[in-house]
1. Could you compute the FRET efficiency for residue 56 and residue 163, with r as their C-beta to C-beta distance and R0 at 41 Å, rounded to 0.05?
2. The list (i) 66, 34, 30; (ii) 97, 70, 33; (iii) 56, 46, 40 gives values of Cα extents along the principal axes in Å, and only one came from this structure; which label was calculated from it?
3. Please give the helix 155-189 orientation as an angle from the longest Cα principal axis of the chain, in degrees from 0 to 90, rounded to the nearest 10.
4. Compute the distance in nm between two label points, each set 7 Å from the Cα along the Cα-to-Cβ direction, one at residue 186 and one at residue 102.
5. Run the simple label-point estimate for residue 71 and residue 129 please: 7 Å along Cα→C-beta, distance reported in nm.
6. Return the whole-Å distance between the Cα centroid of region 76-126 and the Cα centroid of region 224-252.
7. What number, in percent, do you get for the relative contact order of region 192-250 if the mean sequence gap of Cα pairs under 8 Å and at least 6 apart is divided by its residue count?
8. I want to check the label-to-label distance for residue 244 and residue 210. Put each point 7 Å from Cα in the C-beta direction and report it in nm to one decimal.
């Protein structure tokens, strides 16, 4: 009995050493990335995301960085878009995504103009929850300032309370606008996809359809309707048409 127990302990120690050696032999994602082995680092992050029940925005961001270094534009854009779906205020992912959209062939980008980009920078400074707190706080202060304006008998104070309430009302409107802006783009992401391979945009799903435009890898599209082999999509510039379902990947579904 004693000998069996000793043999069992020795076997467990041998297995522990083998496992430890395997872990040491397999470089971490950061080590692989530092060594320039971006494919290995990407594989590590892919496994990490696949095995996680709740992947984080940082996991997807790191995967996007690996794909960027490998010059896999569609996969990098997809990873960044998924990171932003989970965490819209991830500034690094938003910055890198903007740079990649500028590199899309054809100059279509993501279809957002200068004002929309400015609105993005403002709106995504805070989360929806933070903006909601700001909206409630400014609304309450506005009511307080407005009440003080109505009951005050001193002209100077009435002016102060009037301008204060006006400013607070403006801040409350901005906060609510930022909430709506974030909600709109978050909702829109649920029907968006990224073109994975060059594809022509066709006028109809039938074989005799006419080509409308040439789509390049990494172009974002909005899915309007889906059939068995093709989907009707909207381009960033507003044009609509049909492309094969095998030529794009949806931003969703991802594990949440």
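Taken together, the values in this text are just the output of simple stated rules run on the coordinates, not laboratory data. Everything numeric in this text was worked out from a predicted model, so none of it was measured. Note: ideal-geometry Cβ built from the backbone for every residue, glycine included; neighbour counts use all protein chains shown.
1. For R0 = 41 Å, the calculated efficiency reads 0.40.
2. After the calculation, the listed value that fits is (ii).
3. 30 degrees
4. It works out to 2.9 nm between the two label points.
5. Distance between the two pseudo-spin positions: 4.2 nm.
6. Region 76-126 and region 224-252 have Cα centres separated by 20 Å.
7. Over region 192-250, the number comes to 39 percent.
8. Using points 7 Å along Cα→Cβ, the separation is 2.3 nm.
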